[in-house]
1. Longest exposed-loop-site-free stretch of chain B, with GluC sites (Glu not before Pro), DSSP loop and at most 14 other Cβ within 10 Å?
2. Considering protein heavy atoms only and a 1.4 Å probe radius, which residues within the range A:114-139 exhibit an accessible-area decrease of no less than 30 Å² in the full assembly relative to the chain by itself?
3. Roughly how many percent of the accessible protein surface of the protein assembly as shown is carbon and sulfur, given a 1.4 Å probe and a whole-percent answer?
4. Could you list the GluC sites (Glu not before Pro) in the range A:69-153 that lie in coil according to DSSP, counting only those with at most 12 other Cβ atoms within 10 Å of their Cβ?
5. So how tilted is helix B:349-374 from the main axis of chain B? Cα-based, degrees 0 to 90, rounded to 10.
6. Work out which residues of the range B:6-38 lose at minimum 40 square angstrom of accessible surface when the other protein chains are put back, relative to the chain isolated, with a 1.4 angstrom probe, and list them by number.
7. Using a 1.4 Å probe on protein heavy atoms, which residues of the range A:175-193 have at least 30 Å² less accessible area in the complex than alone?
8. Taking the 0 to 90 degree range and rounding to the nearest ten, how far is the long axis of helix B:223-233 tilted relative to the main principal axis of chain B, both from C-alpha atoms?
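The values are calculated or read from the model by the stated rules, or taken from the named source; none is laboratory data. Every value quoted in this text rests on a predicted model; they were computed, and no experiment measured them. Positions of Cβ are backbone-derived with ideal geometry, glycine not excepted, and every protein chain shown enters the neighbour counts. For the accessible areas, the whole protein counts, side chains as well, though only heavy atoms, and no ligand, DNA or RNA atoms are used. Shrake-Rupley method; radii C 1.70, N 1.55, O 1.52, S 1.80 Å.
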Amino acid sequence: MLIDVHSKGETGPTAVGLVTEIHGRRVTAVGECRIGPGALGSGLVVVGPHTFLKLAPGAVRDRIQLGLIRLRPGLDPAAAAARLRGQLGADVRVLTRAEVEEIDQGNFLERRPVGILFRIGVALSFLVGSVTLYHILAVETSNRRGEYATLLALGHTRRALVGVVVQMGLLYVSLSFLPALLLATGLLQLVGRVARAPALLEVRHVLLVGGLCVVMCATASVLAMRKLRAANPAELFG
Amino acid sequence: MIAPPRHVPLAWRLLAADRPRLVISGSRIAFAVVLMFSQVGFLAGVTESALHLFGALRADLYLASPDRDSWEIDAEIPRARLYQARAVPGVAAALPLYFEAHRSEWKNPQSHQEDAIRVLAFDVEDPLWDRPDVRDQVRRLGAADTALFDRQARDFLGQVAEGSTTELRQRRVRVVGLIDLGTDFRHDGTLLMSDDNFFHYFPERRRDWCAVGVVQLCPGASPARVAERLRQALPGDVRVLTPAEFMAMEERYWARRTMAGLLFGFGVAVGVFIGTLSCFQIVAGTVQDASVPLATLQAMGYSRGQLRLVVVQLAAYLGLLGLLPGIAGGKVVYVLLQAGTGLTMNFTPGRVARLSLLALGMCVLAGLAAARELRKTDPAELLR
């Protein structure tokens, strides 16, 4: 077998030459590969078909999990897939590489509880972030009520003041975004090392979080603006 | 020095002076508490869901392979060990349980899509099940190609009613009853069937090996003493475990050795850190806002000790005010998540108490820290 050196720690040492058992049968690691564990499986080995049939009782030679198709260079995968679908029976699905990845991911995100839990986690973090930012802005606004009242008395419109609050919110968010990003990168690297998970922080994730931050900022500012309505120039003399 | 009138609830009045701000601060603490509860709940969903199967079994002790630390690990024990166990004084029965969850493709009766389902098998004559609903229906499993289906299975396994017929591993199977067991992180549904049917569907399984042995004791026998006797009587290829040990092993496996458990473990660490930090910051901010009235009190002759008490009270009130809706919110999150995922998340009193203590303790700690800052409040500052 080839052993995946990115398997998680508890699967034991992953060196070439290792002799151990799978399902009570002796196997020897004759080489290594680098694939990494999934969210549920913790390790992986690659074996040839003969070994596989011996290791997996009940496996039948004539029945396979997946068939891999390599096209001649220059052929359009979608068109080839359509042609295959026309020729093969209904007991086989023809999928392009993108479709397989999409199905695998959808399977995980939508049908399995993992995806539901992580998504609710994102929603909750967003809520907590919004409430925190709102709290900061609300306190800031009401502490500076005198200044805002002065600005109003000087002839600034309420709309202009609202703009100031929004700017303040954006400033807070953008100031903290970079340190937060660095912290998150460090944390994810730590997670990746401990869980050996491919916890990748991709550009689209950063953009998603950035977008959420802007939405968070807008919501919090709009809510905090209500504090401004209380800003009354007459209060200056109170 | 003036003795403060006892009936004036100073801390409360300081908080109530600015009600809108009190509402914001309180709800922020509430959200922090909900965040902590939900992260802890996510992890519980991974670990506790794996355990409800054990609650349905009538087991005083378990026999399992030493290589096995979860249902995930397909390590079996020789059935001969069960016969040996029956000879040990105090043992009333030692019953085999067979298990398959990988090669058991279940065909959704509507969509005809195949997904693995957990299959548990046993001798239908054995008094294995504690739950009356399961016990009553197990009798129907004597006929060929029959099974009981867990009605809490995930939707994608299909709509299954009593009398439904579909395929398991491309072989006909008839559902003769529905039970309630529940799913976990790995298993999307469960089938119960007789051992005879099991070996019909999974002929590659060896009949003289089983996944787990369930030991039932004679009335009055001490589990600890019988476990000791069993350990001495049985060879090293079997481990003797109490139900508590068996469940702890399963829980530990899910929390420490699966990626889901590790990731949610990180979630708990981050959630609790952010939650307690928020509590601290909110209380510290509130005390800071109250610095002018506090300085006034000091100028009126209140001692530092008295002021510190007021501040700690204020912190505790604020903490409680956020905690109660926070606990209610946490409960709502658990109920929604259980309904949405089919996982088990127990809102145990112990868990509530631990997290509440943590949040409240952090608030009081923040109050104490803020009270130290108060020393810098100079009554003279009031005059500026």
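1. Working: sites that count: B:GLU125, B:GLU162, B:GLU204.
Here the longest segment lacking exposed loop sites spans B:205-384.
2. Relative to the lone chain, where solvent access is computed with a 1.4 Å probe, the range A:114-139 loses at least 30 Å² at A:VAL114, A:ILE116, A:LEU117, A:PHE118, A:ILE120, A:LEU124, A:VAL128, A:VAL131, A:THR132, A:HIS135, A:VAL139.
3. 60 percent
4. Passing sites in the range A:69-153 do not exist.
5. In chain B, helix B:349-374 runs at an angle near 20 degrees to the longest axis.
6. Listed by number, the residues meeting the 40 Å² cut-off are B:ARG21, B:ILE24, B:ARG28, B:PHE31, B:LEU35.
7. A:LEU187, A:VAL191
8. 50 degrees
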